[in-house]
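Taking it in order: structure first as structure tokens, then the write-up.
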Amino acid sequence: MGWMNDTLDYFSHDPVHRKYEHNKLTFSLLYAFTENFLLPFSHDEVVHGKNSLLHKMPGDTWQQFANLRLLFAYQCAHPGKKLLFMGQEIAQRREWSEARSLDWHLLQHDSHRGIQRLVGDLNRLYAAEPALHQVEFDWHGFEWIDANDADNSVLSFIRRGKKPEDLIIAILNATPVVREGYRLGVPQSGFYSEIMNTDAAHYGGSNVGNLGGQQAADHPAQGRPQSLVLTLPPLAAVYLKWNPQS
């Protein structure tokens with residue numbers, strides 16, 4: 001619940017102010033491996049005047065949906081098991097109520113179908129990729145690349161499975177600014193495939209990305225021997241999967 005409260009507090013801030021709240025997203029990793037945690041966006045956060053997840057997000061309608069996609073991808077990449085509450089997977093606009101059904105009619109709109117597609121794809125990716133689910137309660141499954149880029153409101157970290165070749169990098173850009181030429185240190189040479197981009201047009205985003213991935217270059221960055229030069233899409237998360245044979 002501490003993770004949920006910190007995370008929702010961070011996302012409720014306008015992106016221009018998020019650099020001052022950066023520790024809300026990094027604090028959870030100080031205690032993430034002291035217990036086996038579940039990461040919920042729970043029932044009591046979307047009732048009794050607290051508003052739906054979508055309407056907790058700042059900005060215009062496009063930014064609200066982009067923020068929600070970023071939120072779900074951050075939850076998926078963070079160590080710990082995941083839990084959404086009913087209606088969140090379609091970006092329900094109204095608060096939840098036991099007196100009526102979910103607002104399934106919202107799926108006539110592309111933006112809501114985009115959220116539904118994203119949640120489905122994140123679930124499938126989480127199940128399919130050992131790096132995202134095998135080592136969730138131990139430091140061996142997580143490593144920061146850069147936890148301190150508050151000025152750009154960017155977070156980057158590594159998730160690892162039990163095998164050395166199971167490695168995924170998650171990069172989150174919590175501002176509506178496209179960050180071109182963003183150099184990111186990576187732990188190994190090889191090709192890094194872009195396996196998730198929440199800004200994809202398929203999800204309702206602006207389709208900014210990295211053309212499927214990038215080969216690491218022998219250019220040190222952030223204390224690592226190789227690096228990538230990425231385009232970070234606005235209010236979006238990107239997952240990169242390491243392909244050691246490339």
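The values are calculated or read from the model by the stated rules, or taken from the named source; none is laboratory data. Keep in mind the model is a prediction, meaning the values are calculated, not measured. Neighbour counts are summed over all protein chains in view; Cβ atoms, including those assigned to glycine, are modelled from backbone coordinates with ideal geometry. Keep in mind that these areas ignore ligands, DNA and RNA; they rest on the heavy atoms of the full protein, side chains included. Shrake-Rupley method; radii C 1.70, N 1.55, O 1.52, S 1.80 Å.
Values for this structure:
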read-out: Accessible surface of the chain, 1.4 Å probe, proportion on carbon and sulfur as whole %; value: 52 percent
read-out: Listed residues H78, H219, H140 arranged by accessible area, highest first, probe 1.4 Å; value: H140, H219, H78
read-out: Rounded to whole Hz, the Karplus (6.51, -1.76, 1.60) HN-Hα couplings of segment 135-142, x for glycine and proline; value: 10, 9, 10, 8, 4, 5, x, 9
read-out: Residue-count net charge about N67 - beta-carbon cut-off 11 Å; Lys, Arg +1, Asp, Glu -1; value: +1
read-out: Given charges at beta-carbon only (K, R positive; D, E negative), |dipole| of segment 1-105 in Debye; value: 180 debye
read-out: Reachable lysines from K50, criterion Cα separation under 30 angstrom, eight or more residues apart if same chain; value: K19, K24, K81, K82
read-out: Extension gain (nm, one decimal) between N36 and E95, 0.36 nm per residue minus Cα-Cα; value: 18.3 nm
read-out: Sparsely packed GluC sites (Glu not before Pro) within segment 1-58, loop by DSSP, other Cβ within 10 Å at most 14; value: E35
read-out: Cα centre as origin, Lys/Arg/Asp/Glu Cβ charges: the chain dipole, Debye; value: 280 debye
read-out: Restricting segment 139-178 to trypsin sites (Lys or Arg not before Pro) in coil, as DSSP defines it, with at most 16 other Cβ within 10 Å; value: K162
read-out: Top of E143, E98, E165 by mean-square fluctuation, Gaussian network on the chain, Cα under 10 Å; value: E98
read-out: Relative contact order computed over segment 73-188 (Cα-Cα under 8 Å; 6+ residues apart), in percent; value: 21 percent
read-out: For segment 68-128 and segment 135-174, distance of Cα centres in Å; value: 23 Å
read-out: Heavy-atom accessible area ranking, 1.4 Å probe, most first, across D166, D110, D14; value: D110, D14, D166
read-out: Cα coordinate range in the chain, projected on the principal axes (Å, largest first); value: 58, 38, 35
read-out: V47 versus D14: modelled label distance in nm, points set 7 Å from Cα along the beta carbon direction; value: 3.3 nm
read-out: Accessible heavy-atom area order of Y182, Y239, highest first, probe of 1.4 Å; value: Y182, Y239
read-out: Projected label distance in nm at A201 and K162, using a 7 Å step from Cα toward the beta-carbon; value: 4.2 nm
read-out: Per residue convex hull volume, Cα atoms of segment 80-146, in Å³; value: 132 Å³
read-out: Å² of accessible area per residue within segment 149-227, as computed with a 1.4 Å probe and no ligands counted; value: 42 Å²
read-out: Potential lengthening between N5 and R117 on full extension [0.36 nm per residue; Cα-Cα distance subtracted]; value: 37.8 nm
read-out: Å² of accessible area per residue within segment 1-87, as computed with a 1.4 Å probe and no ligands counted; value: 42 Å²
read-out: For segment 22-112, alpha-carbon Rg relative to the globular expectation (2.2 N^0.38 Å, N residues); value: 1.18
read-out: Filtered trypsin sites (Lys or Arg not before Pro), segment 35-124: DSSP coil and at most 10 other beta carbons within 10 Å; value: R100
